[in-house]
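The values are calculated or read from the model by the stated rules, or taken from the named source; none is laboratory data. Values in this document were obtained by computation on a predicted structure and should not be read as measured data. As a convention, Cβ positions derive from the backbone with ideal geometry for all residues, glycine included, and neighbour counts pool all protein chains shown. Surface areas here come from the heavy atoms of the whole protein model, side chains and all, with no ligands, DNA or RNA. Shrake-Rupley method; radii C 1.70, N 1.55, O 1.52, S 1.80 Å.
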Amino acid sequence: MKVTIKDIAEKANVSVATVSRVVNNKSKGVGEETRKRILELIKEYDFQPSAVARGLVTKKSKIIGLIIPDLTNPFYPKMTKGIEDVAHEHGYNIILCDGNNSKEKEAAYLDFLNEHYVCGIIYNNFHNISDTILNKILKSSLPLVFIDSKPEIKGCKCVYLDNQRAMYEVIEHLLLNGHRKIGFITGPMDSYSTNERYKGYINALNDYDIPFDSNLVVKGDYVMKDGYYAMERLYNQTKNFTAIACCNDLMAIGAIEKLEEMGIKVPEDISVVGFDDIDIARLVRPKLTTVAQPIHEMGRVAANMIIDIIEGKGSKVKDDVIFEPNLVVRDSVKKNN
């Protein structure tokens with residue numbers, strides 16, 4: 001059975017607070033004999049104080065809270081791995097909170113992390129910041145770094161991809177391959193990344209003098225089944241398109257599944273492009289043309305950023321870090337003659 005700080009205190013016949021002071025090298029007021037007895041008991045019973053328990057005494061810890069929207073999306077484990085790798089290198093631990101695409105759950109996790117003495121938070125907010133969450137962030141004294149997002153909160157640092165440019169390059173690639181009627185499957189429109197990608201879609205059409213057609217735009221929710229049903233809705237609205245751009249790979253794969261069910265071949269009949277370059281993008285057939293995000297590296301940068309702020313090196317963190325997109329051309333796009 002694991003020995004607790006309370007067990008050590010009872011064996012030494014002292015208070016838990018006294019053991020805590022010795023553990024945290026704050027032995028002022030503790031007699032030398034008592035201090036030695038406590039240290040001997042700690043060694044004898046191999047007592048390992050938890051980071052949370054240490055934080056309760058020092059009001060500091062080496063624990064970073066990480067809030068993500070959806071752990072089932074392959075995008076987020078890769079991001080989390082980058083964050084955890086850097087945290088481990090610097091002696092920090094991670095508390096992972098899956099917000100499940102819920103503003104209410106994200107707000108509850110912010111309360112939880114603030115109450116449990118984490119020393120900083122990395123936050124990927126899926127939806128735009130609500131007033132409730134904004135108030136919690138403004139009232140908190142914890143360092144906070146946003147990843148894959150760019151909320152307008154003064155003083156907050158952010159790590160994200162240039163989403164607008166990325167989707168512009170996707171649409172330009174389709175246009176240069178002769179496509180003029182391009183469907184667009186969005187994510188939720190109260191999402192930062194969705195809004196930026198939608199702007200990239202519109203800007204590319206404008207720059208190439210392609211009229212905007214609202215019938216070519218349908219909403220998805222960044223999961224595979226939504227790509228499937230969004231494809232069905234798009235086809236019911238109009239059959240006048242030769243290509244589809246999707247706001248993530250999962251929806252693109254769902255769209256391809258629906259097209260295959262309808263007897264429509266990709267890319268022979270309709271070209272499809274995704275976004276993110278998750279591992280499955282190169283395993284599906286046809287291999288998916290998509291935008292590669294440096295997901296693992298974004299996680300590493302966010303972790304280094306929050307640790308610098310925690311350790312008083314905030315002057316090193318002057319600006320947001322914006323990553324450039326990389327269009328990965330595979331087999332899911334065909335020239336439209």
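Can you name every residue in region 151-189 that is open to solvent by 10 Å² or more (accessible area, probe 1.4 Å), part of a helix (DSSP H, G or I), out of contact with any Pro (no Cβ under 8 Å at 6 or more places or on another chain) and not hydroxyl-bearing (Ser, Thr, Tyr)?
Applying the first criterion (open to solvent by 10 Å² or more (accessible area, probe 1.4 Å)) to region 151-189 yields 151-157, 160, 162, 164-165, 168-169, 172-173, 176-178, 180-181, 189.
Then drop every residue that is not part of a helix (DSSP H, G or I), which leaves 164-165, 168-169, 172-173, 176.
Right, trim to out of contact with any Pro (no Cβ under 8 Å at 6 or more places or on another chain) and you get 164, 168, 172-173, 176.
Within region 151-189, Gln164, Glu172, His173, Leu176 meet the criteria.
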Answer yes or no as to whether Val301 is among the β-branched types (Val, Ile, Thr), under 22 Å from the mean Cα position of the chain (by Cα) and either open to solvent by less than 20 Å² (accessible area, probe 1.4 Å) or under 20 Å from Val217 (Cα atoms) (or both). no
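Could you tell me how many of the residues in region 286-298 are assigned to a helix (DSSP H, G or I) and surrounded by fewer than 21 Cβ atoms within 10 Å (Cβ to Cβ)? Lay out the reasoning, then the answer.
The initial filter retains those residues of region 286-298 that are assigned to a helix (DSSP H, G or I), namely 295-298.
Subsequent filtering for residues that are surrounded by fewer than 21 Cβ atoms within 10 Å (Cβ to Cβ) retains 296-297.
Selection size over region 286-298: 2.
Counting just the residues of region 190-216 that are of a type in the set (Phe, Trp, Tyr) and open to solvent by 10 Å² or more (accessible area, probe 1.4 Å), which one comes out nearest to Phe75 (Cα to Cα)? Please lay out each step first, then the result.
Just the residues of region 190-216 that are of a type in the set (Phe, Trp, Tyr), to begin with: 192, 198, 201, 208, 212.
Next cut, open to solvent by 10 Å² or more (accessible area, probe 1.4 Å) only: 192, 198, 208, 212.
Values: Tyr192: 16, Tyr198: 20, Tyr208: 31, Phe212: 30 Å.
Per the criteria, the residue is Tyr192.
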Working only within region 130-143, note down all residues that are within 21 Å of Met305 (Cα to Cα) and not in a helix (DSSP H, G or I). Ser140, Ser141, Leu142, Pro143
With respect to Lys219, determine if the residue is under 28 Å from the mean Cα position of the chain (by Cα) and under 17 Å from Asp148 (Cα atoms). no
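State which residue is farthest from Met298 (Cα to Cα) when the search covers only region 74-91 and only residues that are open to solvent by 10 Å² or more (accessible area, probe 1.4 Å) and over 10 Å from the mean Cα position of the chain (by Cα). Before the answer, list the steps.
First pass over region 74-91, keeping only residues open to solvent by 10 Å² or more (accessible area, probe 1.4 Å): 74, 76-78, 80-81, 84-85, 88-91.
If we keep only those that are over 10 Å from the mean Cα position of the chain (by Cα) too, we end up with 74, 81, 84-85, 88-91.
On the way: Pro74: 15, Lys81: 10, Glu84: 12, Asp85: 12, His88: 16, Glu89: 16, His90: 17, Gly91: 19 Å.
Looking at residues that are open to solvent by 10 Å² or more (accessible area, probe 1.4 Å) and over 10 Å from the mean Cα position of the chain (by Cα), I get Gly91.
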So which residues in region 92-125 are surrounded by fewer than 19 Cβ atoms within 10 Å (Cβ to Cβ) and acidic (Asp, Glu), if there are any at all? Asp98, Glu104, Asp111, Glu115
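From the list Ile270, Ile310, Ile280, Ile322, which residue is under 27 Å from the mean Cα position of the chain (by Cα), of a type in the set (A, V, I, L, M) and surrounded by 20 or more Cβ atoms within 10 Å (Cβ to Cβ)?
On the way: Ile270 fails: under 27 Å from the mean Cα position of the chain (by Cα); Ile280 fails: surrounded by 20 or more Cβ atoms within 10 Å (Cβ to Cβ); Ile322 fails: surrounded by 20 or more Cβ atoms within 10 Å (Cβ to Cβ).
Being under 27 Å from the mean Cα position of the chain (by Cα), of a type in the set (A, V, I, L, M) and surrounded by 20 or more Cβ atoms within 10 Å (Cβ to Cβ) holds for just one of Ile270, Ile310, Ile280, Ile322, which is Ile310.
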Of all the helices (runs of 4 or more DSSP H) wholly in region 1-66, which have at least 3 residues that are open to solvent by 90 Å² or more (accessible area, probe 1.4 Å) and at pLDDT 80 or above? 5-12, 32-44
Report, by residue number, each residue of region 93-129 that is at pLDDT below 85 and in a loop (DSSP other than H, G, I, E, B). Asn101, His116, Tyr117, Asn125, Phe126, His127, Asn128, Ile129
